[in-house]
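Asks: Here you go, one structure.
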């Protein structure tokens, strides 16, 4: 990491970054992040009934990556990876905490914001881009030029709408509030739209982060009306789906606040949650549309690169769970759409892509110097020609030693204890049949396993929440050993 720090020190001193006068003709960047959004969007077809007209229109203007995956199925490590251009196995950021700057090896690492700023760009951020309250208020000036409103859940109902097994207020869903204007994320779109009327003269990098459809899955009634419950399609689920899984697979989501499928079914809440998730998606699609409308109304559309992405997916009963925290398709696959200068319109790319690729891709599209520390690949070849070759698969990591590898045909998972899963995605799109123990696939597993990180950095001090480690042959969940007789919570 010392080499990486020296890279930035030397290149800045040598003037490798473009001064503002040279950056004046560069395109702007509108960087739109959506929280917990899986492939239930029109461009990806994850749910046949979803209504996302604004994402649909954006996809027609640009290139959709149909096989894009997050680096971690959890907010903080995923977003840290996007912003630093580094894998979780490199940073040691695996859990909801801590702030990545607490790491000595990352304290001077240039994020995508800082790299653009050093290249003559104004940087602006609003909503959820970093995780939660990060960066701390005292550190914001060093991270981003202008900070708009932070993301919040806004005013929640006085009492939970659904009494889930976990009392956490955010673990909720249903109709609330009455008006869009009173629903969180509307304020983020409003601020972003107003800001686009008064942008700086120099090129800018503007990050806008929405929290929907993250729980609480709430939205006004009109969004629920799009999805009549008596006509709603539920995810296709196999009752005995978990029977061919290694025990270690359950440890990644051992004791989480998200309810299990069994609880949803027993309490007649499965349809209600699916409906609320879909309503939340349509609501946030409308907020994205408001921002894109403002971009166009202010004459900024033609010279702005737009990228829209989600930090990870979300289960709605598949594999018996809800939420994220897994290395299966439902948790790793994310929307990823580019549009604007240098991007082919109406294209769909099936090559594996990673959120790790955003940092180098945007530098490439804007004609800025590369960051040698980036571990991702530029997607510009695929943005020019969706059929262009990709030299490696997508890799997702959740905790040290747990990795998923995704090609166009295969999903391979290896856990910290050495147990494995293998799915033929072409023949088994639901990932119902684990082929890992079949001898005839030994060579396939070997070829895929080489892409999993050989080493995993230890978790940063303070990492506990939602973190699984494998210590001296014992799985440890949030600091507590899991015994051989412990049963996966239902």
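The values are calculated or read from the model by the stated rules, or taken from the named source; none is laboratory data. All values derive from a computational prediction rather than experimental measurement. Note: ideal-geometry Cβ built from the backbone for every residue, glycine included; neighbour counts use all protein chains shown.
Asks: Considering each residue of the range 350-381, count those that are under 17 Å from residue 310 (Cβ atoms) and not in a helix (DSSP H, G or I), and give that number.
Replies: Of the residues in the range 350-381, the ones under 17 Å from residue 310 (Cβ atoms) are 352-359, 361-362, 376, 379.
Subset that is not in a helix (DSSP H, G or I): 352-354, 376, 379.
Looking only at that region, the number is 5.
Asks: Identify all residues within the range 276-302 that are farther than 22 Å from residue 126 by Cα and either free of Cβ contacts under 8 Å to residues at least 24 places away in the same chain or buried (at least 23 other Cβ atoms within 10 Å of the Cβ) (or both); write none if there are none.
Replies: Once the filter is applied, which keeps residues that are farther than 22 Å from residue 126 by Cα and either free of Cβ contacts under 8 Å to residues at least 24 places away in the same chain or buried (at least 23 other Cβ atoms within 10 Å of the Cβ) (or both), the range 276-302 yields 276, 277, 278, 279.
Asks: A further question follows. Tell me whether the range 352-361 contains one or more residues that are at pLDDT 95 or above and closer than 24 Å to residue 185 by Cα. Give the derivation first.
Replies: We begin by selecting, within the range 352-361, every residue at pLDDT 95 or above; these are 352-361.
Filter once more, keeping what is closer than 24 Å to residue 185 by Cα: 355, 358.
The answer is yes, given that some residue of the range 352-361 is at pLDDT 95 or above and closer than 24 Å to residue 185 by Cα.
Asks: Of all residues in the range 356-398 being closer than 17 Å to residue 329 by Cα and in contact with a strand residue (DSSP E or B) (Cβ under 6 Å, 6 or more places away or on another chain), which is surrounded by the fewest Cβ atoms within 10 Å (Cβ to Cβ)?
Replies: 393
Asks: Which members of the range 437-460 meet the condition of being over 14 Å from residue 400 (Cβ atoms) and either in a loop (DSSP other than H, G, I, E, B) or in contact with a helix residue (DSSP H, G or I) (Cβ under 6 Å, 6 or more places away or on another chain) (or both)?
Replies: Of everything in the range 437-460, those that are over 14 Å from residue 400 (Cβ atoms) and either in a loop (DSSP other than H, G, I, E, B) or in contact with a helix residue (DSSP H, G or I) (Cβ under 6 Å, 6 or more places away or on another chain) (or both) turn out to be 437, 438, 450, 451.
Asks: All but one of (1) farther than 21 Å from residue 332 by Cα; (2) touching a residue at least 60 places away in the same chain (Cβ under 8 Å); (3) surrounded by fewer than 22 Cβ atoms within 10 Å (Cβ to Cβ) hold for residue 305; state the number of the condition that does not hold.
Replies: The failed condition is (3).
Asks: Can I ask one more? Report the residue count in the range 413-432 for those that are farther than 17 Å from residue 241 by Cα and either at pLDDT below 95 or outside any loop (DSSP other than H, G, I, E, B) (or both).
Replies: Total satisfying the criteria: 1.
Asks: Select from the range 323-335 the residues that are closer than 13 Å to residue 394 by Cα and part of a loop (DSSP other than H, G, I, E, B) and write down the one among them that is nearest to the chain's Cα centre (by Cα). If you could, list the steps in order and put the result at the bottom.
Replies: Our first condition is that a residue be closer than 13 Å to residue 394 by Cα; within the range 323-335, this holds for 327-329, 332-334.
With the extra rule that they be part of a loop (DSSP other than H, G, I, E, B), the set shrinks to 327-328, 334.
Working: 327: 13, 328: 14, 334: 6 Å.
Step by step, filter the range 323-335, then rank; the result is 334.
Asks: Please go through the range 78-130 and give me each residue that is within 29 Å of residue 291 (Cα to Cα), in contact with a strand residue (DSSP E or B) (Cβ under 6 Å, 6 or more places away or on another chain) and either assigned to a helix (DSSP H, G or I) or at pLDDT below 95 (or both), ordered by number.
Replies: 113, 116, 117
Asks: Next question. For the range 228-322, give me every one of the helices (runs of 4 or more DSSP H) that falls completely inside it and has 1 or more residues that are within 20 Å of the chain's Cα centre (by Cα).
Replies: On the way: elements: 248-251, 261-266, 270-297.
Per the criteria, 270-297.
Asks: Please go through (1) surrounded by 17 or more Cβ atoms within 10 Å (Cβ to Cβ); (2) touching a strand residue (DSSP E or B) at 6+ places or on another chain (Cβ under 6 Å); (3) part of a loop (DSSP other than H, G, I, E, B) for residue 202 and return the number of the only condition it doesn't satisfy.
Replies: (1)
Asks: A further question follows. Tell me yes or no: at least one residue of the range 47-55 is farther than 24 Å from residue 234 by Cβ and surrounded by fewer than 24 Cβ atoms within 10 Å (Cβ to Cβ). Break it down stepwise before answering.
Replies: Taking the range 47-55 first, the residues farther than 24 Å from residue 234 by Cβ are 54.
Add one more test, that the residue is surrounded by fewer than 24 Cβ atoms within 10 Å (Cβ to Cβ), and what stays is 54.
Yes, the range 47-55 contains a residue that is farther than 24 Å from residue 234 by Cβ and surrounded by fewer than 24 Cβ atoms within 10 Å (Cβ to Cβ).
Asks: Given the residues 379, 435, 448, 467, which is the only one that is modelled with pLDDT of 95 or more and under 29 Å from residue 60 (Cα atoms)? Before the answer, list the steps.
Replies: Numbers: 435 fails: under 29 Å from residue 60 (Cα atoms); 448 fails: under 29 Å from residue 60 (Cα atoms); 467 fails: under 29 Å from residue 60 (Cα atoms).
Exactly one residue qualifies, and that residue is 379.
Asks: If a residue must be surrounded by 10 or more Cβ atoms within 10 Å (Cβ to Cβ), closer than 26 Å to residue 239 by Cα and either out of contact with any strand residue (DSSP E or B) (no Cβ under 8 Å at 6 or more places or on another chain) or free of Cβ contacts under 8 Å to residues at least 40 places away in the same chain (or both), how many such residues does the range 472-489 contain?
Replies: 3
Asks: Further question: Can you tell which of 460, 468 is closer than 21 Å to residue 329 by Cα and either free of Cβ contacts under 8 Å to residues at least 12 places away in the same chain or surrounded by 13 or more Cβ atoms within 10 Å (Cβ to Cβ) (or both)?
Replies: Details: 460 fails: closer than 21 Å to residue 329 by Cα.
Within the list 460, 468, the selection yields 468.
Asks: Within the range 217-227, can you find the residues that are in contact (Cβ under 8 Å) with a residue 24 or more places away in the chain and assigned to a loop (DSSP other than H, G, I, E, B)?
Replies: Answer for the range 217-227, where residues must be in contact (Cβ under 8 Å) with a residue 24 or more places away in the chain and assigned to a loop (DSSP other than H, G, I, E, B): 220, 226, 227.
Asks: Same structure, new question: Collect the residues in the range 158-193 that are in contact (Cβ under 8 Å) with a residue 60 or more places away in the chain and part of a helix (DSSP H, G or I), keeping them in residue-number order.
Replies: 180, 186, 188, 189, 190, 191, 192, 193
Asks: Please verify whether residue 404 is within 18 Å of the chain's Cα centre (by Cα), in a strand (DSSP E or B) and crowded, with 20+ Cβ neighbours inside 10 Å, treating the condition exactly as stated.
Replies: Working: within 18 Å of the chain's Cα centre (by Cα): yes; in a strand (DSSP E or B): yes; crowded, with 20+ Cβ neighbours inside 10 Å: yes.
Yes, satisfied.
Asks: Still on this structure, please answer the following. Can you tell me which residue in the range 131-143 is surrounded by the most Cβ atoms within 10 Å (Cβ to Cβ), limited to those that are without any contact (Cβ under 8 Å) to a residue 40 or more places away in the chain and in a loop (DSSP other than H, G, I, E, B)?
Replies: Per the stated criteria, the residue is 135.
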